[in-house]
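Novice: Input: one structure, supplied below.
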Amino acid sequence: AASVDLKVYVAGYTDTVGSPGDNRTLSEKRARAIAEYFRTHGVKLPISYQGFGESALAVETPDDTAEAKNRRATYVLANVPPGGRGFPGAGWKRLE
């Protein structure tokens, strides 16, 4: 029987209000909080997280535009780290 080592990846994002650095920090905190929630609520798979700030907008907006659809998190169940347009420069951190 074949087996697959699944992992959970949690990505956090923000809108363009605020500085890119602050948004990266905010999105990282958002992703980590969700990863910790999963862990404390019984998810036993390895969990990784990363914040992408405003680098992968769901809705393209000018700078300093409050857009609720850009303030989000994505959860991916996979056997390889997600990458591509929605996960630019992926550098996942493992939740211990």
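The values are calculated or read from the model by the stated rules, or taken from the named source; none is laboratory data. Remember, predicted model here, so these are calculated numbers, not experimental data. Backbone-built Cβ (ideal geometry, glycine too); neighbour counts: all protein chains shown. Just so you know, the surface numbers come from the protein's heavy atoms only, side chains and all, with ligands and any DNA or RNA stripped out. Shrake-Rupley method; radii C 1.70, N 1.55, O 1.52, S 1.80 Å.
Novice: For the chain, what does -39500 (n - 2.57) per DSSP helix run (n ≥ 4), summed and divided by total residues, give at 222 nm, in deg cm²/dmol to the nearest 500?
Specialist: The helix contribution divided over the chain gives -7500 deg cm²/dmol.
Novice: Between Val80 and Ser19, with labels modelled 7 Å along Cα→Cβ, what's the label distance in nm to one decimal, could you check?
Specialist: Spacing of the two 7 Å Cα→Cβ label points: 3.7 nm.
Novice: So what does Ser19 come to for accessible area, using a 1.4 Å probe and Å² rounded to 10?
Specialist: 50 Å²
Novice: Between beta-carbons, use under 13 Å as the cut-off and find the net charge around Glu60, counting Lys and Arg +1, Asp and Glu -1.
Specialist: -2
Novice: Explain nothing, just the number: dipole magnitude of the chain about its Cα centre with +1 on each Lys and Arg Cβ and -1 on each Asp and Glu Cβ, in debye rounded to the nearest 20.
Specialist: 460 debye
Novice: Right, another one. Please list Phe52, Phe87 from largest to smallest accessible area, probe radius 1.4 Å, with all protein chains kept in place.
Specialist: Phe87, Phe52
Novice: Another one. Let me have the relative contact order for the stretch 1-95, percent, based on Cα pairs under 8 Å that are six or more residues apart.
Specialist: 41 percent
Novice: May I ask for the net charge around Thr14, where only other residues with Cβ less than 13 Å from the Cβ of Thr14 are counted and Lys, Arg are +1 while Asp, Glu are -1?
Specialist: -1
Novice: Give me the percent of the accessible area of the stretch 10-96 that comes from carbon and sulfur atoms, probe 1.4 Å, all protein chains in place.
Specialist: Carbon plus sulfur share of accessible area: 56 percent.
Novice: Cross-link partners among lysines for Lys29, C-alpha distance below 20 Å, same-chain residues fewer than 8 apart left out?
Specialist: Counting by Cα, and skipping residues close in sequence, Lys29 has these lysines nearby: Lys7, Lys69, Lys93.
Novice: Expressed in nm to one decimal, what extension gain is obtained for the pair Arg72 and Glu36 from 0.36 nm per residue of sequence separation less their Cα-Cα distance?
Specialist: 11.3 nm
Novice: Mind pulling the angle between the C-alpha long axis of helix 20-40 and the longest principal axis of the chain? Nearest 10 degrees, somewhere in 0 to 90.
Specialist: On a 0 to 90 degree scale, this one is about 30.
Novice: To the nearest 10 square angstrom, how much accessible area does Thr16 have with a 1.4 angstrom probe?
Specialist: For Thr16, solvent-accessible area is about 10 Å².
Novice: Using each residue's phi in the stretch 49-65, evaluate 6.51 cos²θ - 1.76 cosθ + 1.60 at θ = phi - 60° and report the 3J(HN,Hα) Karplus result to the nearest Hz, with x for Gly and Pro.
Specialist: Residue by residue, the stretch 49-65 yields 9, 6, x, 10, x, 9, 7, 9, 5, 6, 10, 5, 9, x, 4, 6, 9 Hz.
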